[in-house]
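Presented below is the structure to which this report refers.
A short reminder: the numbers here are calculations on the coordinates, not readings from a lab. Bear in mind that the values here come from a model prediction, so they are computed numbers and not experimental data. Here Cβ is always computed from backbone atoms with ideal geometry, including for glycine, and neighbour counts include all displayed protein chains.
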Amino acid sequence: MVKPALAYLDIVKVAAELSEVPVAAYLVSGEYAMVETAAAAGVIDRDAAIFEMLYALRRAGAQMICTYWAHEFARKIAR
């Protein structure tokens, strides 16, 4: 598991390339607070920021992403 994940996309990539087991990324606390605060202030598009962060982790090689947004995002992509 890579924590904090967003700041270490390069580490996620290397870990995924070298590991024989799934690599998990931990996207909570600081990253969550940053997005929620900026969205509440009207500075960013909340949904777009969340999608971009999760997609960046997946592109880097994370097979699992632990995040406070998991249920919300799962519902959105299931539509």
Subject >> Calculated on alpha-carbon atoms, Rg and Dmax of the chain in Å >> reply: 12.8, 42
Original post:
Restricting attention to the chain, which GluC sites (Glu not before Pro) occupy a DSSP loop and are surrounded by at most 11 other Cβ atoms within 10 Å?
Top reply: GLU20
**OP:** In whole Hz, with x marking every Gly and Pro, tabulate ³J(HN,Hα) for region 33-40 from phi via Karplus 6.51 cos²θ - 1.76 cosθ + 1.60, θ = phi - 60°.
**Re:** 4, 4, 5, 4, 5, 5, 5, 5
Original post:
If you plug each phi of region 71-79 into the Karplus form 6.51 cos²θ - 1.76 cosθ + 1.60 with θ = phi - 60°, what whole-Hz ³J(HN,Hα) values come out, in order, with x for Gly and Pro?
Top reply: 5, 4, 5, 4, 5, 5, 7, 7, 5
**OP:** Would you pull out the residues with amide H under 5 Å of CYS66's amide H, same chain only if 5 or more places away, H placed 1.01 Å from N?
**Re:** ALA25, TYR26, LEU27
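May I ask you to derive the FRET efficiency for TYR32 and ASP10 from their Cβ-Cβ distance with R0 = 22 Å, giving the value to the nearest 0.05?
Details: r = 21 Å, r/R0 = 0.97.
It comes to 0.55.
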**OP:** With a Förster radius of 35 Å, plug the Cβ-Cβ distance of ILE77 and GLU17 into 1/(1 + (r/R0)^6) and report the FRET value to the nearest 0.05.
**Re:** 0.85
Subject >> Pairwise label distance in nanometres, ALA70 with GLU52, each label 7 Å out on the Cα-Cβ vector >> reply: 2.5
Subject >> Computed [θ] at 222 nm, helices only, for the chain once each DSSP H run of length n ≥ 4 contributes -39500 (n - 2.57) >> reply: -17500 deg cm²/dmol
